[in-house]
Amino acid sequence: MSCLASRTTLLVLFLLLSRGALQNQARELRCQCVKVISHGISTALIASVDFIPEGPHCIRPEVILTRKDGKQFCLNTTMPWVQRVIQRFSKRSNL
Ligand SMILES: *[C@@H]1O[C@H](CO)[C@@H](O)[C@H](O)[C@H]1NC(C)=O
């Protein structure tokens, strides 16, 4: 009897743990950007631009711009000026 009870306890613990693990995974597997901006930012203010290709974490590619004052923005990748900014500011090792 007590053997069955402890097995049930183990099963409940296991279910709780695996649910927690799934929730952690879901938190990592998501887009970085909550909202994107489409208006331009003066290139004089841009410190760096990070391009994150689409993948299992996010169905769309994301561009995160860091301004020289430390503020970060997500850019709308369909904007032509954003394409230019990516080419100019993305960190590439093979230049
Ligand atoms: C980017 O801009 C286009 C055109 O204005 C718009 O249709 C699209 O929804 C925007 N993308 C995002 C992620 O907001």
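The values are calculated or read from the model by the stated rules, or taken from the named source; none is laboratory data. Given the structure is predicted, the values throughout are model-derived calculations rather than measurements. Glycine also receives a Cβ, built like all others from the backbone with ideal geometry; neighbour counts cover every protein chain displayed.
Can you find a residue in the range 69-81 that is of a type in the set (A, V, I, L, M) and within 12 Å of residue 33 (Cβ to Cβ)? If you could, list the steps in order and put the result at the bottom.
Kept after step one, since they are of a type in the set (A, V, I, L, M), are these residues of the range 69-81: 75, 79.
Subsequent filtering for residues that are within 12 Å of residue 33 (Cβ to Cβ) retains 75.
Yes - at least one qualifying residue is present in the range 69-81.
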Counting only residues in the range 40-78 that are small (Gly, Ala, Ser) and over 17 Å from residue 88 (Cα atoms), the one modelled with the highest pLDDT is identified as 70
Flag for residue 63 being surrounded by 14 or more Cβ atoms within 10 Å (Cβ to Cβ) and within 13 Å of the chain's Cα centre (by Cα): yes
Where a residue in the range 28-53 is exposed (fewer than 10 other Cβ atoms within 10 Å of the Cβ) and its partner, wherever it lies, is of a type in the set (Lys, Arg) and in a loop (DSSP other than H, G, I, E, B), with Cβ under 9 Å and at least six apart: 44/68
Step by step: first the residues of the range 72-92, then only those that are within 14 Å of the ligand (Cβ to nearest atom) and surrounded by 14 or more Cβ atoms within 10 Å (Cβ to Cβ), then the one that is nearest to residue 31 (Cα to Cα). Which residue is that? 74
